[in-house]
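Report on one structure; see the data block that follows.
The values are calculated or read from the model by the stated rules, or taken from the named source; none is laboratory data. On a predicted model such as this, the values are computed, not experimentally measured, just so you know. Cβ coordinates were reconstructed from backbone atoms using ideal geometry, including for glycine residues, and neighbour counts include every protein chain displayed. With ligands, DNA and RNA removed, areas are computed over all heavy atoms of the protein, side chains included. Shrake-Rupley method; radii C 1.70, N 1.55, O 1.52, S 1.80 Å.
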Amino acid sequence: RNFGWSAAVCQQNALPLSNLITEAAEAIVVPKKKTWSKEAVLQALAATVNRDSTAAHYMFQDDPYLTPRTSAEFKLYSLSQESGRLAAKHIVNTNPKFFQKDFAEPHIPCLMPETMEPRIEDVSEAALLERIMLRKVKAAVDMYDQLLQAGTTVSTDATNDLLDLICLYGDHDPLQDDKPEDKGRRRKGRPQRAIDLVKIVWRENNNAERIFNLLPERDTRAYSALIRGMVKYGAHVKAFNTYTDMLNNRLTADVHIFNALISAATEVREKYNEKWDLIVELLKQMNEQKVKPNLLTFNAVLKALRRCGSLARAQSLHTLSEMKALGISEWGKNTFASHIVFCSIFCPVSSLQGQTDILQEVLTEVAGRSFVPQDPDDGMHAAFWFLKTVCLETKDLESAYRVHNLLNVGENWRLLGDSFQQSIYYGRFFNLLCMMEHIDVVLKWYNELIPSLFYPNPQGMKDLLQALDTDNRLDMIPQIWKDIRRMGHDNKSDLVEELLSLMARDRHSPEVQESFAACALDVRSLYKQGQVAKVALEWTTASMTNITTILLAAQKTKQAWDMLNIFKTKNRVPSEELIDEFLVRIKDGQQAVELVQISASFCLPSTPNLAQRVLQEFELSEEQRWQLTTTSEVPCLSSDERSVFYRPYSSQMYVLCRLFNKM
Amino acid sequence: MNTLARVGTSICTNPETRALHVTASCCKNRAARIRVGKGDRPLTYEQALHPHHIGHRKGWLSQHTSNLMGENGAADRTVEDVFVRRFIFGTFHNCLANEIVIKRRGNMLVVCALMLQRLPPQKFYFLIGYTETLLSHFYKCPVKMEVQTLGDKAVYKYL
């Protein structure tokens with residue numbers, strides 16, 4: 001019976017359309033028939049293939065409660081998810097006996113528990129190798145010392161491995177990854193924690209040097225480890241000394257040593273041409289020792305050239321042609337970093353003199369190619385945002401688009417860096433667009449980029465408002481205000497005030513004024529909850545004036561009266577234009593009299609004129625006339641109320657009032 | 001047999017004897033059924049419909065292919081399901097709005113859960129990351145969670 005009931009209900013809804021029309025023809029408006037083009041289905045399908053600009057980042061759950069709305073929330077949620085993962089890994093690694101059962105076919109090594117502690121306890125070379133593999137620097141060094149004391153000889157390979165380990169980690173144990181950190185947090189020049197402030201420096205006579213000196217015979221590999229460690233941790237002069245040592249022992253260096261020395265060359269000499277001479281010297285020696293340069297060599301040369309100032313440009317062109325000649329560009333999938341460093345030599349951000357042609361050439365070369373990060377600095381240099389900065393400085397929109405298209409090729413999105421660098425990149429891109437492009441294009445990009453890719457800061461929103469103003473699309477402001485609230489920028493008083501002033505400035509059509517008035521009331525409620533909210537917005541004269549103007553323009557006279565009361569309570573004085581506008585809108589004589597009284601209470605100089613106008617324009621009863629005349633004669637209130645007033649003009653009036661009161 | 005018949009008849013006809021009638025017991029089906037009560041107990045749709053409605057008005061809470069003809073491993077999948085349900089019930093303490101749905105697609109285990117908005121979102125994400133990783137390591141297959149949140153439980157009726 002239940003089933004029958006529900007079926008009847010459904011059937012009632014499914015009556016044919018014609019019945020409904022005949023029943024209530026005047027209530028229903030039949031919509032116009034929509035025509036679809038032939039490719040509509042294909043276009044709809046194609047729109048689903050690329051990134052969805054209405055969704056949040058892929059790592060978040062698809063739910064409105066769990067989607068981040070500001071950049072702070074983005075970081076918080078992503079880091080908390082990451083820390084959950086690390087907590088689980090910790091549990092897996094500390095209780096391996098529950099996770100040993102392996103029923104994956106084929107075996108998945110990354111899902112097995114990892115051994116973090118060394119198992120082999122006795123003093124032997126196998127134990128040493130195990131500790132090296134687990135990256136336990138101190139334990140490995142201790143094991144080596146124990147082995148030497150016990151008298152066993154350690155093989156050269158093992159010793160070389162040990163030296164590699166120590167030089168890689170600078171004789172400190174690497175931080176175990178039990179704290180959630182994404183690698184991009186170590187941004188250039190901004191240490192986050194105290195640990196970062198304590199940089200690892202190559203100490204005198206540390207373990208690496210000690211073990212090195214203990215070696216009976218030192219080969220290229222040992223020297224290589226030592227020199228690279230020294231260069232990595234800042235002992236550049238020592239590195240060169242060790243190199244000369246090596247040459248004295250008649251050993252040939254390998255390509256890694258030369259790469260390290262080239263990158264150290266800029267630190268060792270002072271003047272630009274000395275630096276370049278040293279690099280040339282090293283390259284010559286490389287040639288003599290028959291060592292083939294590789295990709296990283298040229299990158300090191302280019303990076304060193306960046307420090308060489310004006311000498312750099314000719315040499316870097318030369319270097320690039322050498323690279324091409326050697327065919328590194330072709331087979332190596334030339335690393336992105338080299339291009340970027342090249343650009344940065346030519347277009348240093350501080351002094352750009354229209355070097356855009358170099359930029360164009362590089363972009364043509366780079367267009368349509370997918371890069372594989374090879375150089376360790378590829379991500380760190382945040383190449384993309386650097387390019388964007390260049391485009392911003394030169395106001396070159398076309399290049400900006402080409403750079404952005406490059407991002408969509410293949411694997412290049414990996415080179416964009418972490419979320420902070422991404423936000424800088426997209427922020428600059430959006431800034432450029434707001435400055436240079438027509439408003440429709442700007443709005444299209446706005447819908448595409450925000451909020452799925454980045455969350456603009458208040459400056460970005462101001463740029464957008466500016467662009468709207470330039471192209472006369474101020475009717476979009478209420479929507480933008482909704483976005484501002486969602487992003488949490490509604491506590492930035494300068495942004496809010498600019499918004500209000502833009503709305504209050506001109507006259508618009510009635511619907512637009514209505515929407516502005518609704519927006520203004522929303523803003524007012526924000527100001528009002530000042531004590532309750534965490535970051536309070538303070539009332540200022542400008543904001544109050546603007547809100548009142550907007551409300552008046554939309555014929556919301558009652559709310560405008562409330563605003564006047566707020567003026568009183570916050571001890572701010574409304575301007576005369578505002579009072580005049582009020583007068584224009586008021587229809588009722590009683591209200592006009594009240595207006596004049598209010599104006600008198602603020603000690604505005606135009607009060608007598610106002611009174612005159614009211615007398616002329618409005619129908620007033622005798623009592624009202626009397627009130628009016630008495631009000632206009634007494635220009636000011638008592639002195640204690642007056643002293644609290646905040647008046648922008650008024651020195652003469654103020655003096656007059658004081659004189660009047662004294663009398 | 002004759003004596004039995006005589007005994008039976010004698011008990012029937014003799015008015016001073018009493019007999020015990022015994023039949024095979026047929027107990028009422030109590031599986032996954034919440035009985036009618038005072039009317040103040042809220043029930044979700046899942047709880048309100050009885051198991052014989054599965055396939056007609058209800059869906060399945062666990063989807064895998066091992067119950068098809070010729071496929072193995074149904075028991076293993078069931079045990080895994082039970083473990084996963086208890087694990088999630090305990091991890092997201094007091095936050096589940098309804099039973100979780102477990103789907104197996106290829107190698108992956110997808111846990112679809114309906115949660116209440118009792119925790120701030122960052123705590124949800126911590127627990128989601130933790131669950132995904134721990135279950136992946138336990139079952140040696142990728143485990144993904146798809147979570148939707150509600151304000152309160154969706155009540156279908158009161159019993």
Quiz item: How would A:His107, A:His508 rank on accessible area, largest to smallest, probe 1.4 Å?
Solution: A:His107, A:His508
Exercise. Specify whether the C-alpha gyration tensor of the range A:46-143 places it in the rounded, prolate or oblate class, a ≥ b ≥ c being the square roots of the eigenvalues: rounded for a/c under 1.5, otherwise prolate if a/b is larger than b/c and oblate if not.
Key: prolate
Quiz prompt | Rel. contact order, % - alpha carbon contacts under 8 angstrom, at least six apart, the range A:539-608 | solution = 29
Quiz item: How would you order B:139-146, A:73-80, A:152-159 from highest to lowest mean count of nearby Cβ atoms within 10 Å?
Solution: A:73-80, B:139-146, A:152-159
Quiz item: Interface A/B, total buried accessible area with a 1.4 Å probe, nearest 100 Å²?
Solution: 2400
Quiz item: For B:Ala97, what charge total do you get from the other residues with a beta carbon under 13 Å from its beta carbon, if Lys and Arg give +1 and Asp and Glu give -1?
Solution: -2
Quiz item: Using a basic spin-label model with each label point 7 Å from the Cα along Cα→Cβ, how many nm lie between A:Met435 and A:Thr470?
Solution: 0.9
Quiz item: If the limit is 27 Å between Cα atoms, which of A:Lys136/B:Lys144; A:Lys34/A:Lys444; A:Lys238/A:Lys275 go over it?
Solution: A:Lys136/B:Lys144
Self-check item: Order of exposure, largest accessible area first, which applies to A:Arg269, A:Arg473, A:Arg250 with probe 1.4 Å
Solution: A:Arg250, A:Arg269, A:Arg473
Quiz item: Past the 25 Å Cα-Cα mark, which pairs from B:Lys58/B:Lys103; A:Lys232/A:Lys284; A:Lys89/A:Lys232?
Solution: A:Lys89/A:Lys232
Practice problem: Could you look at the range A:203-281 and say what percent of its accessible area is carbon and sulfur, using a 1.4 Å probe and all protein chains? | Solution: 45
Self-check item: Neighbour-limited loop hits for chymotrypsin sites (Phe, Trp or Tyr not before Pro), the range B:47-108 (at most 14 other Cβ within 10 Å; DSSP other than H, G, I, E, B)
Solution: B:Trp60
Exercise. Might you tell me the accessible area per residue for chain B, computed with a 1.4 Å probe and given in Å²?
Key: 68
Practice problem: Anything losing 50 Å² or more of accessible area from the isolated chain to the full protein assembly: pick those residues out of the range B:119-145, probe 1.4 Å, ligands and DNA/RNA ignored. | Solution: B:Pro121, B:Gln122, B:Tyr125, B:Phe126, B:Tyr130, B:Thr133, B:Leu134, B:His137, B:Phe138, B:Lys140
Quiz item: Using alpha-carbon pairs under 8 Å, 6+ residues apart, how would you state the relative contact order of the range A:457-572 in percent?
Solution: 25
Self-check item: Cα shape, chain B, gyration tensor, a/c 1.5 rule
Solution: prolate
Quiz item: Number of Lys-Lys pairs in the range A:497-623 under 27 Å by Cα, sequence gap 8 or more or different chains?
Solution: 13
Quiz item: Normalised by the residues of the range A:394-483, what does the relative contact order come to in percent, with Cα pairs under 8 Å and at least six apart?
Solution: 28
